[in-house]
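The values are calculated or read from the model by the stated rules, or taken from the named source; none is laboratory data. Computed from a prediction, not measured in an experiment: that's the story for all the values here. Please note: Cβ atoms are built from the backbone with ideal geometry, for glycine as well, and neighbour counts cover all protein chains shown. The accessibility values were calculated without ligands, DNA or RNA, using every heavy atom of the protein model including side chains. Shrake-Rupley method; radii C 1.70, N 1.55, O 1.52, S 1.80 Å.
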Amino acid sequence: MNYLKKKLNIVFTVSAAIILLFVILGAVIPETFAVYANAALKFTTRNFGWLYLGAIFVFAVFLIYLVFSKYGSIRLGGKD
């Protein structure tokens, strides 16, 4: 268990450092950061937009299946 906790701590630390780096870059050089962020957004939407739409479609079909299956009557929450 200690190994798992240490590994999760490393993942959190690295992720927080990357996010902090992006926040600092956005605060120090906002114009340049905006240019690169817009280029990354354009690249992502142009090349992976189909993946996003496909994933949302599959997820929606899965949810509709759950509604009409035996799992659709499971109560999620209290009696209120």
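Dividing the summed helix terms, -39500 (n - 2.57) for each DSSP H run of n ≥ 4, by the number of residues in the chain produces a 222 nm estimate of -30000 deg cm²/dmol to the nearest 500.
Extending 7 Å from the Cα toward the beta-carbon at both THR32 and ILE64 defines two label points whose distance is 4.9 nm. A simple rule links phi to the HN-Hα coupling: the Karplus curve 6.51 cos²θ - 1.76 cosθ + 1.60 with θ = phi - 60°, which for segment 63-73 gives 5, 5, 4, 4, 4, 9, 8, 5, 7, x, 9 Hz, with x for Gly and Pro. Across segment 24-34, computed HN-Hα scalar couplings (Karplus, 6.51 cos²θ - 1.76 cosθ + 1.60, θ = phi - 60°) run 5, 4, x, 7, 7, 10, x, 5, 5, 4, 5 Hz from first to last residue, x flagging Gly and Pro. Kindly report the accessible area of the chain per residue (heavy atoms of protein chains, probe 1.4 Å, no ligands, DNA or RNA), in Å². I get 97 Å² per residue for the chain. By the rule of a C-alpha distance below 27 Å, with chain neighbours fewer than 8 residues away ignored, the lysines paired with LYS79 are LYS70.
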